[in-house]
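Here is the structure we will look at, set down as structure tokens.
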């Protein structure tokens, strides 16, 4: 068991967006990902992908919030109280955000993307291309999530 | 810009598998994810999902390997030399692995999953439910990847 291991990361990029507050959840908005200049070569070929995964650090989550074990999804008390690993809440032991975004443009070290739900100044940890293997087939989700998905699609 | 920020993580779980070497790439194999006992409540409700994202730490990647900027995908020199962010190589500035696995069983703090390409003892950083929003539509990938996908499906 290596539970005692401590892991140190350095951001590779930072998010730039004009969205504030809940506006960041608007999936039609675009933001920019400004990659460290010394890493620009690591972007070669990324523009061939229409979608990428963005892993980012939810730097506003406090040490106390990281200790949260259960939440109501989206803070809605009409939905069941669930373990944080059964939800996409930001309150989790290692608050890493994971979002699939549409990659619109790559210019030097600046990526323009659509659908990134991260605040201005958010540190980015990794960028990964999204491919057909990432589209899991025959997926099953709980009833509470089916309900949310139905509401969103209306 | 917050490029100078240092981020410290603690593993929430560890991978247990009998697979060694390239056997971990066999997507039909099962492994176990042993979650820290004090986090067991954070798993409540996860069994309602058929698939989850596993974020793990590629602890075997050296500081020197983290500086890699370009690779041939899967080490194949018949494929173009690409930036690491355009590939899923393990050699990346923050070597975080991201895999979608099938969730077969949850017993107390032990998850049995299929398709996790991580070595025995790998520290796990986060678990996230996979939902319909994670299935991006109309995705486009470069020709070199189309070629690889075609080979795999044969």
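The values are calculated or read from the model by the stated rules, or taken from the named source; none is laboratory data. Quick caveat, the model's predicted, so the values are computed rather than measured. Glycine gets a Cβ as well: all are built from the backbone with ideal geometry, and neighbour counts include every protein chain shown.
Residues are listed down the side, and each one gets a yes or a no for (1) in a loop (DSSP other than H, G, I, E, B); (2) surrounded by fewer than 16 Cβ atoms within 10 Å (Cβ to Cβ):
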residue: B:28; (1), (2): yes, yes
residue: B:39; (1), (2): no, no
residue: B:79; (1), (2): yes, no
residue: B:91; (1), (2): yes, no
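Conditions tested, residue by residue: (1) part of a loop (DSSP other than H, G, I, E, B); (2) over 13 Å from the mean Cα position of the chain (by Cα); (3) surrounded by fewer than 23 Cβ atoms within 10 Å (Cβ to Cβ).
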site: A:98; (1), (2), (3): no, no, yes
site: A:112; (1), (2), (3): no, yes, yes
site: A:124; (1), (2), (3): no, no, no
site: A:146; (1), (2), (3): no, yes, yes
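Within the bounds of the range B:49-62, is there any residue that is more than 29 Å from residue A:123 (Cβ to Cβ) and either more than 10 Å from chain A (Cβ to nearest Cβ) or modelled with pLDDT of 95 or more (or both)? Within the range B:49-62 (the criterion being more than 29 Å from residue A:123 (Cβ to Cβ) and either more than 10 Å from chain A (Cβ to nearest Cβ) or modelled with pLDDT of 95 or more (or both)), the answer is yes, since at least one residue qualifies.
The single residue among A:70, A:6, A:66 that is farther than 30 Å from residue B:137 by Cβ and in contact with a helix residue (DSSP H, G or I) (Cβ under 8 Å, 6 or more places away or on another chain) turns out to be A:70. Checking each residue in the range B:1-26 for being buried (at least 20 other Cβ atoms within 10 Å of the Cβ) and within 14 Å of residue B:114 (Cβ to Cβ) picks out B:15, B:17.
Considering the conditions (1) within 11 Å of chain A (Cβ to nearest Cβ); (2) under 25 Å from residue A:85 (Cβ atoms), residue B:86 is excluded by exactly one of them, (2). Summed over the range B:1-45, the residues that are without any contact (Cβ under 8 Å) to a residue 60 or more places away in the chain and over 30 Å from residue A:72 (Cβ atoms) give a count of 10. The residues listed here are A:102, A:151; of these, the one that is in a strand (DSSP E or B) and out of contact with any helix residue (DSSP H, G or I) (no Cβ under 8 Å at 6 or more places or on another chain) is A:102. For the criterion of being modelled with pLDDT of 95 or more, under 30 Å from residue B:146 (Cβ atoms), more than 9 Å from chain B (Cβ to nearest Cβ) and crowded, with 16+ Cβ neighbours inside 10 Å, residue A:46 fails.
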